[in-house]
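To start, the structure itself, in structure tokens.
The values are calculated or read from the model by the stated rules, or taken from the named source; none is laboratory data. The shown structure was predicted, so the numbers you read here are calculated from the model rather than taken from an experiment. Here the Cβ is made from the backbone with ideal geometry for all residues, glycine too, and neighbour counts use every protein chain on show. Side chains are part of the model used for accessible areas, which takes the heavy atoms of the whole protein and leaves out ligands, DNA and RNA. Shrake-Rupley method; radii C 1.70, N 1.55, O 1.52, S 1.80 Å.
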Amino acid sequence: MRAVLVVNPQATSTTASGRDVLAAALASVLKLDVVETRHFGHASEAARDAVRDGADLVIAHGGDGTVNEVVNGMFEVAEPGDPSMPTLGVVPGGSANVFARALGVPKDPIDATHHLMRALADRSTRQVGLGKADERWFTFNAGIGWDAEVVAEMEHQRSRGREATPALYARIALACYVRMARGEPKLSLQIGDDHPSELLHSVFVSNTDPWTYLGSTPVRMSPETSFDTGLGVFALKKMTAYPVLRHVAEMLRGRGKPHGRNSIQAADVPHLRVTCTEPLRLQVDGDCLGERSAIEFSSVPNALRVAV
């Protein structure tokens, strides 16, 4: 089996020695090429080239951003259901690894490598649905509003050398909440052919659940959403402290989907559209894609084959 291992050497939980060990283990059972990324977009380029060269398997070793780049690179030259599309393998290397954890892949890179090798030996794969935000594919979530502001500030802090810890994430989330609570709602949501909503503060779009993690704690925003369903949607009408805190507490308890008059919720959504009264930030799989005035979200069933 011909495989390409796309490695992000800057990923949070990877080391040079660890990467050598897992590459050697994979090379013992695969005809393996290794690509270490050097800049933003390099993982997409490597995955695109792997598809063009007829690889059977593309393995993403890094965080969720690396996985997202690899997936988008694969779809640059192949469509869902195309027989030329390789299988995707994932070896976590980031701080959150939401996509991998949602698939049941072990968090430790060495354990995850053994997990992948067993899946390859057993020919164990799974078809997963993906989401699209305009033309950008996403594996687990996207959003405009509160979460996008948090992602943008986290990227700024990491560019200054700060480690992406749950404590830093919580502080940034609180600061962004306070700032947004003072502002006016700027988003409108249209689910399918329904009429557009009233103005909202934030729209969260999930492709699976949990939506993210705070350390080892799963954040469950849309328990009815999985890789086998359409998209989950959760939108905040107001940023009033009590209902927002109640929503957050329910998500962290994981006992069921958040509820209340302060939110709009939907599950198994095939298509939705968000418009903004002014350009706002969009995040996809934890990466900020800049500002948008309108975004079309869609669910693509059985888009990708993953070795699990």
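Structure data summary
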{"item": "Cα centroid of the stretch 15-47 to Cα centroid of the stretch 182-257, whole Å", "result": "35 Å"}
{"item": "Spacing of the two label points (7 Å from each Cα toward its C-beta) at Ala175 and Glu76, in nm", "result": "3.4 nm"}
{"item": "For peptides 83-91, 116-124, sequence by mean Cβ density within 10 Å, most packed first", "result": "83-91, 116-124"}
{"item": "Length gained when the stretch Gln10-Glu163 is fully extended (0.36 nm per residue, less Cα-Cα span)", "result": "53.9 nm"}
{"item": "Residue with peak Gaussian network fluctuation, the chain [Cα springs, cutoff 10 Å], from Asp33, Asp287, Asp53", "result": "Asp53"}
{"item": "Extension gain, Ser216 back to Thr277 (0.36 nm per residue minus Cα-Cα distance, nm)", "result": "18.3 nm"}
{"item": "The stretch 87-158: GluC sites (Glu not before Pro) in DSSP loop, at most 16 other beta carbons within 10 Å", "result": "Glu135"}
{"item": "The chain - percent of accessible surface contributed by carbon and sulfur, probe 1.4 Å", "result": "49 percent"}
{"item": "Pairwise Cα inverse-distance average, inverted: Kirkwood Rh of the stretch 35-142 (Å)", "result": "14.1 Å"}
{"item": "Selected from Gly129, Gly230, Gly161 as most flexible by GNM, with the chain as the system and alpha-carbon contacts under 10 Å", "result": "Gly161"}
{"item": "Bridge type composition, the chain - antiparallel percent by DSSP, nearest 5", "result": "70 percent"}
{"item": "The chain - accessible surface per residue (Å², probe 1.4 Å)", "result": "45 Å²"}
{"item": "Karplus-derived 3J(HN,Hα), 6.51/-1.76/1.60, for each residue of the stretch 128-136, Hz, glycine and proline x", "result": "10, x, 10, x, 10, 10, 6, 9, 9"}
